[in-house]
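Structure first, commentary second.
The values are calculated or read from the model by the stated rules, or taken from the named source; none is laboratory data. What you see is a predicted model, and the numbers here were worked out from it, not measured in a lab. Every residue, glycine among them, receives a Cβ derived from its backbone with ideal geometry; neighbour counts consider all protein chains shown. Please note that ligands, DNA and RNA were not included when accessible areas were found on the heavy atoms of the full protein model with its side chains. Shrake-Rupley method; radii C 1.70, N 1.55, O 1.52, S 1.80 Å.
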Amino acid sequence: GRFDVLAFTENIEETLIVYGTADDEAGNRDAAELLQEKIRTAHANFDLPVVSDSAATEEQLRNHHLILVGGPSANRVTQRFRDAFPLKFGEQSFEVCGEVYAHYRSAVVAAGTNPLNPRFSVTTVAGLSALATYRTVSKLGYDDFGVEVKVLPHSGRAKKLIVPPPELIYDFQESQRVSKAGTE
């Protein structure tokens, strides 16, 4: 099955927050602690464990829903699991449904299946800067149930998306190019 960005709330006791230390460590730790507080106040005083990407064990990663704070350049686990998400991460950008976001104040929250155990979800909170990541944590809410990707562009409104899997996407323009090439 596919997961939404709040899938972890169904099994909150089996959820782990993992913050990145490869870059923006202090900002990612602060964002993780803010997220921990936000979840505690929303879910009956339950404190989620918070661990750094360098301290997270294989067993922890395999046996939990994961919330990864920081993009691939900042969080080693996000980098490792980057293909689990329905988007593409660039060097200092991300692409969702053909739209590229590269402004340092842009961010994305995306859910996927934990590659180590399909029973669990993995959610990334990835800003293109420490500030964007920190601000994004406070923008998660109950109205995000059913949302697979939430894009927070530097200007404008948040975009909530469900991204179709690649096997369900048909590129009509590419099909026309192939059929034209076959008739020439």
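Of all DSSP beta bridges confined to the stretch 9-139, the antiparallel ones make up roughly 50%.
Do any trypsin sites (Lys or Arg not before Pro) in the stretch 126-171 lie in a DSSP loop with no more than 12 other beta carbon atoms within 10 Å, and if so, which?
Numbers: sites: Arg135, Lys139, Lys150, Arg157, Lys159, Lys160; in loops: Lys139, Arg157.
Passing both the DSSP loop test and the Cβ count: Arg157.
Where does the charge balance sit around His43 when Lys and Arg score +1, Asp and Glu -1, over other residues with C-beta under 12 Å from its C-beta?
Details: positive: Lys38, Arg40; negative: Glu10, Glu13, Glu37, Asp47.
Residues near His43 contribute -2 overall.
A DSSP coil position with no more than 10 other Cβ atoms inside 10 Å describes the following GluC sites (Glu not before Pro) in the stretch 49-111: Glu91.
Need one word for the stretch 31-77: rounded, prolate or oblate. Basis is the Cα gyration tensor (sqrt eigenvalues a ≥ b ≥ c); a/c below 1.5 gives rounded, then a/b vs b/c decides. List each step's numbers first, then the result.
Values: a/c = 2.62, a/b = 1.50, b/c = 1.75.
Note, shape of the stretch 31-77 comes out oblate.
Per residue, the solvent-accessible area of the chain (1.4 Å probe, heavy atoms of protein chains only, all protein chains present) comes to 53 Å².
Once the chain from Arg157 to Glu95 is taken as fully extended at 0.36 nm per residue, the excess over their C-alpha distance is 20.6 nm. Residues whose amide H comes within less than 5 Å of that of Ser52, counting only those at least five positions distant or on another chain, are Tyr19 (H built at 1.01 Å from N in the peptide plane).
Classify the stretch 85-145 as rounded, prolate or oblate, taking a ≥ b ≥ c as the square roots of the eigenvalues of its Cα gyration tensor: rounded when a/c is under 1.5, otherwise prolate if a/b is larger than b/c and oblate if not. It comes out oblate by the Cα gyration axes. Once you reduce the stretch 1-70 and the stretch 88-140 to the center of their Cα atoms, the two points are 14 Å from each other.
Calculate what fraction, in whole %, of the accessible area of the chain sits on carbon and sulfur atoms when a 1.4 Å probe is rolled over the protein chains. Mind dumping the intermediate values first?
On the way: 4780 of 9690 Å².
After summing per-atom areas, the C and S share lands at 49 percent.
Overall, the anisotropy analysis places the stretch 10-89 in the prolate class: the square-rooted eigenvalues a ≥ b ≥ c of its C-alpha gyration tensor yield a/c not less than 1.5, with a/b exceeding b/c.
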